[in-house]
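See below for the structure under consideration.
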Amino acid sequence: MSMPFYVPPEQMMKDRADFARKGISRGRALIAAQSADGILIVAENPSKTLRKISEIYDRIAFAGVGKYNEFDQLRMLGVRQADLTGFQYARRDVEARSLVNQYAQAIGHEFTSGAKPLEVEILVAEVGDDRAGDRLFHITFDGTVLDEHEFCVLGGDAEVVLGRMSENRPADDSLRSTLRSAVGALAGPDRTLGSADVEVALLARNGRRRRFERLTVETVAELIS
């Protein structure tokens, strides 16, 4: 009987992390940022049919980078769980924090025990009635949860985009200025992104029950012109 091939646990986790990072880095980045009007989410996405940003529930949005079919399955899991919680209890009982815990457990389990780690990073955002009530949760490929503030960047060359966003934060936090800053950070100094090259959504601080608004190409073009 032959002995099974042994790989140290440290090396196995490193290999899995490298595999996941490589898959995620091939995708285009997205930015989520707080503004006076709510939480703005901007993703570089020229596709007109595949969405990186979606509504989960009344105040909660989901965004993902990496392998589309994998983060879309996570999106559907979140929608089902939020609907179930809202039906069993009350709509106000659906919170981003509980969804994030479930996402972290599912992604972490696949990272440690699955056939391969998920090649995804996801964002769960919840808008509050004021800036202090906003929540930005960034969940990495190994299930680590990062509680972000002001803005965060996922996917692609995240560190470079994050640096550009930090340097070019607008003096005011209007929707127009925040969107321009985010699009500029995604594009960089060597190229230009137009309204057709980005997907934009807003979790609006408008007092209505449902806060998710997807900005049209025409609206984006007007705001960044």
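The values are calculated or read from the model by the stated rules, or taken from the named source; none is laboratory data. Remember, it's a predicted structure, so these values are computed and weren't measured experimentally. Here the Cβ positions follow ideal geometry from the backbone for every residue, glycine too, while neighbour counts run over all protein chains shown.
What's the total number of residues in the range 73-117 that are touching a residue at least 60 places away in the same chain (Cβ under 8 Å), buried (at least 16 other Cβ atoms within 10 Å of the Cβ) and assigned to a helix (DSSP H, G or I)?
Total satisfying the criteria: 1.
What residue, among those in the range 15-70 that are acidic (Asp, Glu) and assigned to a strand (DSSP E or B), is surrounded by the most Cβ atoms within 10 Å (Cβ to Cβ)?
Of the range 15-70, the ones acidic (Asp, Glu) are 15, 18, 37, 44, 55, 58, 70.
Filter once more, so that each one left must be assigned to a strand (DSSP E or B): 44, 55.
Details: Glu44: 21, Glu55: 19.
Looking at residues that are acidic (Asp, Glu) and assigned to a strand (DSSP E or B), I get Glu44.
Which of (1) farther than 25 Å from Gly27 by Cβ; (2) modelled with pLDDT under 95 does Ser47 not meet, given it meets every other one?
Tallying (1) farther than 25 Å from Gly27 by Cβ; (2) modelled with pLDDT under 95, Ser47 fails exactly one: (1).
Residues that are β-branched (Val, Ile, Thr) and either over 18 Å from Leu99 (Cβ atoms) or modelled with pLDDT under 95 (or both), at least 2 per element: which strands (runs of 3 or more DSSP E) completely within the range 120-225 meet that?
Working: elements: 120-126, 135-139, 145-148, 151-154, 198-204, 212-214.
Ranges flagged: 198-204.
Mind checking which residues of the range 118-136 are out of contact with any Phe, Trp or Tyr (no Cβ under 9 Å at 6 or more places or on another chain), of a type in the set (Asp, Glu) and surrounded by 13 or more Cβ atoms within 10 Å (Cβ to Cβ)?
Correct list: Asp134 only.
What are the pairs with Cβ atoms under 9 angstrom where one residue, in the range 120-134, is without any contact (Cβ under 8 Å) to a residue 40 or more places away in the chain and the other, located anywhere, is crowded, with 23+ Cβ neighbours inside 10 Å? Sequence gap at least six, or different chains.
Gly133/Glu126; Gly133/Val127
Answer yes or no: is there a residue in the range 86-97 that is within 15 Å of the chain's Cα centre (by Cα) and aliphatic (A, V, I, L, M). Outline the logic, then answer.
Within the range 86-97, the first condition is being within 15 Å of the chain's Cα centre (by Cα), and the residues that meet it are 96-97.
Now drop any that are not aliphatic (A, V, I, L, M), which leaves 96.
The answer is yes, given that some residue of the range 86-97 is within 15 Å of the chain's Cα centre (by Cα) and aliphatic (A, V, I, L, M).
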